[in-house]
Structures are given as C-alpha cells and as structure tokens.
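To keep things clear, I will list the structure first and then write my remarks on it.
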Amino acid sequence: MNQSSVVITGMGFVSSIGCDTEAVVDHLRRGRHGFSRVELRQGVDLPIKVVGTVPGYAFPSPDVRDWVLPPESHVDLCREPSLPPHGVYAVDAAEQAIAQAGLTSDQLGDGSTGLFGASSGSPMLLRHHLSVYDKDGSQRGHPLGVVRSVAGTLNFNLAARYGIRGASCGFVSACASSSHALGSAYDEIALGRQDRMIVVGAEECAAESILPFDAMRALSTHADPDMACRPFDQARDGFVVSGGAVALVLERASLAKRAPLARLVGWGQAADGYHVASPHPEGTGIVTAMKRALQFAKVDEAAIDYVNAHATSTPAGDRAEALALRSVFGAASPAVVSTKGLTGHGLSLSGVLEAALTVLSLRGGFLPGNRNLKNPDEACEGLCLPTESMDADVKLAINNSSGFGGANVCHVLAQP
Amino acid sequence: MANALLQHFTESEVRHELRGFPERAVAAVIGLKQESSAEALKNAVPEILAFYLPSGVSTDLTTQPPSARLREDLGVDSLTFAEAAFKMEELFRVRIENVELAEIKTLGELLEFVAQKLFPEV
C-alpha cells in the first residue's frame, strides 16, 4: 500500500434495511427488504403506496416536537433546531462511522479532516418555512429555515457539529450526488490535501421529496411492498424511494489507527451529454465512467468480481446500465446485483449507501441477490445476475451511480 | 390592565404553542395571559429567551439583573435572539423589526421593548 492509498475505516448505517452493520448484513444475506405500505397524505388515495422507511424514526410533520427518534439516537432535538429529518439520520450515521474509525475530536477539528455531504435538502421543511412566511401576511419565518432546508444542510450542520476545519462541501448531482462526494473525498486524500474525510449521504423521504418523481412517472405504483421494486426484471414499473443516511470515514492508509475495512482504489466519472432526465439508451456515459475508473485504478475488468449496479427498477435506466455492463465486460460478466431491490432508491444517498454495502460484501465474503428478479430484461442477456445471496470471495468490486443530466460515477473498491 | 394580551389563544393553545418548553416557561406565559401585566411579562420573556440559549443549560434568566448584557453576559447570539423574537411574534401577535432587535443590548432593554409593544399605553 503506497502513501496515497485511501482506506475506509468507519461506516455508519441509518437505512431502510437497518440502523447498524449487523442488521444490514442480515438483510442482505437473507434477502429481506426494507419496504412498507405508507399513507403519504393522510386520507388521500395516492398512487404511491410503498416506500423504504427507516425503523425507529418518524417525522410525521414539520414540527420538531412531533418527531420520534430511537433511544440510541445521538440527537437532542431541543438543542439542535437546525437539523432537518435527514440531518438527524446523518448525525446518527456519522456517529457510528466516527466511533468505528476511532477518530478523536482533536483529529476532527485540527484541519486534517474534511467533510462532504450529499442530499436534496429538505423539501418538506422548505415548503413549511415558506408557508409560515406567507401565513396571514406575516412575512416572518423561522430564522434557521434556510440552513435546515437547502441542499447544503448536511455539510452545514455536520461541519459545525464536529468542528471541521478542513474541506467542507455539498454535492448535487441528484442520484449520483454522494458518489461524487465519495470520489471527490478520495481525491482530497490522494492529492495530499486532507488526511481523512467523512462522507455523508442522506435523504428525508417525505411526501415533498417523493411525489415530484411520481409526476415524472418514475415511481412504482405497485401496492405490495414485497413486489414493488424489481431491478432488471421485465415487469419493473419504476423505483421505490427510501430515506436514511450512510456515513463513511476515509483515511490515508499510513495514518489509519484502526484496521481498514476496505480500500477505495479509484473512481471515474462521465456524463451522457444526452438528456436532462433520461439516460442515454445505450448507457454510453456509464460505460466511459466504468472504463475511466478501472483505468485510473489500474485494474483489468476481468479482475472485477462484483458490480453493485445503480439499476433503480425503471425501464429505461436498468436497460441502459445493462447494455453498458455488457459493453464493458463482454462475455465474462462478473456478478451484477442491484441492492435497491432490498433498500429502495435513496436518491442522493444511494451512491455512498451502495459503496458501504459493497464494503460489506468485500469484508463478509458474500454477494447479495437481485430480489424479485424472475424474468430478466432481454437487455441483460449474458449478465450474471444472482437472485439469492451466496458466499463468495469478493476481492474487487465496482459501484455504479447515475443521476439527472446523465451524470455517471463508478468507484473501484477492494479488500484491504 | 386593559390590553387583552394572548386572548387569541386558549390556555391549551398556549400549551400547544410551547410544546417542548419547560413547565415553568409555560406557566409564566399562561400567567401573562391571565394577568396581562408588565410584571408578568418580566417572568415570561426571560423564560422564552432562555429556551433558545445555545448552551443547553437551563439558565434562570428571570433572576438576572436588568443590566445583564444579552450577548456578553447571557450568551444570547444573534440567531438565538432571532429565534426567540420569532416565537414572541407568534405568541404575542406583534411584529418586531430587525432595526428594533439590533438596538436591544440588555435584558432590561428587552423587557422594556416588549412591554412597549404590548402595553403602549403604559
């Protein structure tokens, strides 16, 4: 391992499939999903009936006094009025990751540690704060309304909470956001600017953040939580949104105090240059992103054991990625799994969530399965798509993400 | 006192507005509703302000002297003050301008300012 090697030393999960590593591994290995039936608007029969909810947490209204947190949460809602719902998730995920990496408050605050965040902000609170401002012509609103609702709220809140004096920034590329954050965090260390980086992705999963995707007809309208999300399957009809947060601690290998969980070997990105919302039909951008990541990491595609696919369960997106994977790997397909069949689509959160799930496979010696994959899309011909979890010595893996505007990111991850 | 302060709220509505506040703060505001006096205000306003103090300690601002400086002595930063002002605007149905807030430096000046807003005839 050379001086610029970047290792992952801490992970934190607050997700639809569990709020600690053991629960998440259990869901992955047993193929248990994190979906529930919900009523997004009380008393209104909306077409969207299934989401990936986070166990133990509830944010039924914009009023912080209605919020429910699990007893193990590190957040004191009375004392942290600037946190949105997904900021609460993010703090609890970051606390797990920081503890696992064994970082001290001195390390967090001495300028050698940076923090990158990725989220869509809190559309629920943005709407609420504006409604208060407009109410009765008062033209008055909560003074923390901006910092708790705009897209940078994660990095505002967490950088202040942990006294971060290094790099602090938010990333906005829709469903590739936290993958860009993770890749850019790698760069900060590899270029010698920082010794360690915390990367946090989070989403609140409220009606305000979900329903705009229904307007795009991008969501599954299936009412059965067991069947709604079906990446790569011919019968897929859209994605299922999920919320939560995942945090990763990246460190320069030579400085890590704890045993590394995995290595982040490199990354690549490329845009489609095609459409504001639709992927290129043949996935040309994701092909380039994968090739750039592998080239940068000096890894031959034949050495890849596992691909954590972006595949969200939309007809167009899954097809484009499947064709891209066939283009890169030819006849020798590694195992390709979309863990969104278990977790749902965490939007900005998904990239770092799936990087963390990939680390679990590298460490635990197993592959998750493609849940609900009965009849693969014909575009998947030749791809190795396991449907059940299995033991496997996963040495090298890639993690794909794609977002609006045709943004594509690929990470290369390895056993330590 | 003629001013029917807080009559726009029932007692239970006051409790709803102050959910999460310590009981003594709730009692002070309900006392203000019942008495509508500048004296009762001296209990209620410091209790509201104390709730927003960033340190999280339950400082008893009701025992602080009027000369106590908000920023230097009590740790009331500008956002804390803005949060407390927003709550008072909601509770008392008054409007507090930025320039008015900026001129208030001590606890005594704050109490006098709110009293002027609520009981202009005094």
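The lone criterion from (1) surrounded by 24 or more Cβ atoms within 10 Å (Cβ to Cβ); (2) under 19 Å from A:Ala414 (Cβ atoms); (3) out of contact with any His (no Cβ under 6 Å at 6 or more places or on another chain) left unmet by A:Asp393 is number (1). Scanning segment A:45-92 for residues that are under 26 Å from A:Ala159 (Cβ atoms), within 14 Å of chain B (Cβ to nearest Cβ) and small (Gly, Ala, Ser) turns up just one, A:Ser82.
Of the residues making up segment B:44-101, those that are within 19 Å of B:Ala25 (Cβ to Cβ), more than 11 Å from chain A (Cβ to nearest Cβ) and assigned to a helix (DSSP H, G or I) are B:Ala44, B:Val45, B:Pro46, B:Glu47, B:Ile48, B:Leu49, B:Ala50, B:Leu61, B:Thr62, B:Thr63, B:Leu91, B:Phe92.
What are the residues in segment A:270-280 that are part of a loop (DSSP other than H, G, I, E, B) and surrounded by fewer than 21 Cβ atoms within 10 Å (Cβ to Cβ), if any? I'd like the intermediate steps shown before the answer.
As a first pass, look at segment A:270-280 and keep what is part of a loop (DSSP other than H, G, I, E, B): A:272-280.
Of everything in segment A:270-280, those that are part of a loop (DSSP other than H, G, I, E, B) and surrounded by fewer than 21 Cβ atoms within 10 Å (Cβ to Cβ) turn out to be A:Gly273, A:Tyr274, A:His275, A:Val276, A:Ala277, A:Ser278.
Exactly one residue out of A:Glu378, A:Glu388 is surrounded by fewer than 23 Cβ atoms within 10 Å (Cβ to Cβ), of a type outside the set (A, V, I, L, M) and farther than 25 Å from A:Asp26 by Cβ: that is A:Glu378.
A:Phe213 falls short on exactly one of the conditions (1) more than 16 Å from the chain's Cα centre (by Cα); (2) among the hydrophobic types (A, V, I, L, M, F, W, C); (3) not in a helix (DSSP H, G or I), and that condition is (3). Would you say A:Ile198 is under 20 Å from A:Ser313 (Cβ atoms), within 18 Å of the chain's Cα centre (by Cα) and in contact (Cβ under 8 Å) with a residue 40 or more places away in the chain? Criteria not met by A:Ile198. The listed residues are A:Asp106, A:Asp66, and the only one of them that is exposed (fewer than 14 other Cβ atoms within 10 Å of the Cβ), without any contact (Cβ under 8 Å) to a residue 12 or more places away in the chain, more than 18 Å from the chain's Cα centre (by Cα) and within 30 Å of A:Leu255 (Cα to Cα) turns out to be A:Asp106. Determine whether A:Arg65 is assigned to a helix (DSSP H, G or I) and charged (D, E, K, R). Judged against the criteria, A:Arg65 is a match. Given A:Ile198, A:Ile189, which one is in contact with a strand residue (DSSP E or B) (Cβ under 8 Å, 6 or more places away or on another chain), assigned to a strand (DSSP E or B) and surrounded by 19 or more Cβ atoms within 10 Å (Cβ to Cβ)? Result: A:Ile198 is the single residue among A:Ile198, A:Ile189 that is in contact with a strand residue (DSSP E or B) (Cβ under 8 Å, 6 or more places away or on another chain), assigned to a strand (DSSP E or B) and surrounded by 19 or more Cβ atoms within 10 Å (Cβ to Cβ).
Just so you know, in segment A:121-149 the residues that are within 14 Å of another protein chain (Cβ to nearest Cβ) and within 18 Å of A:Ala90 (Cβ to Cβ) include one that is farthest from the chain's Cα centre (by Cα), and it is A:Leu144.
The number of residues in segment A:152-175 that are part of a helix (DSSP H, G or I) and either more than 12 Å from A:Gly117 (Cα to Cα) or charged (D, E, K, R) (or both) comes to 4.
Every number here is computed from the coordinates shown, using simple stated rules; none is lab data. Predicted model only: the values in this text are computed from it and were never measured. Cβ sites come from the backbone with ideal geometry, for glycine too, and all protein chains shown count toward neighbours.
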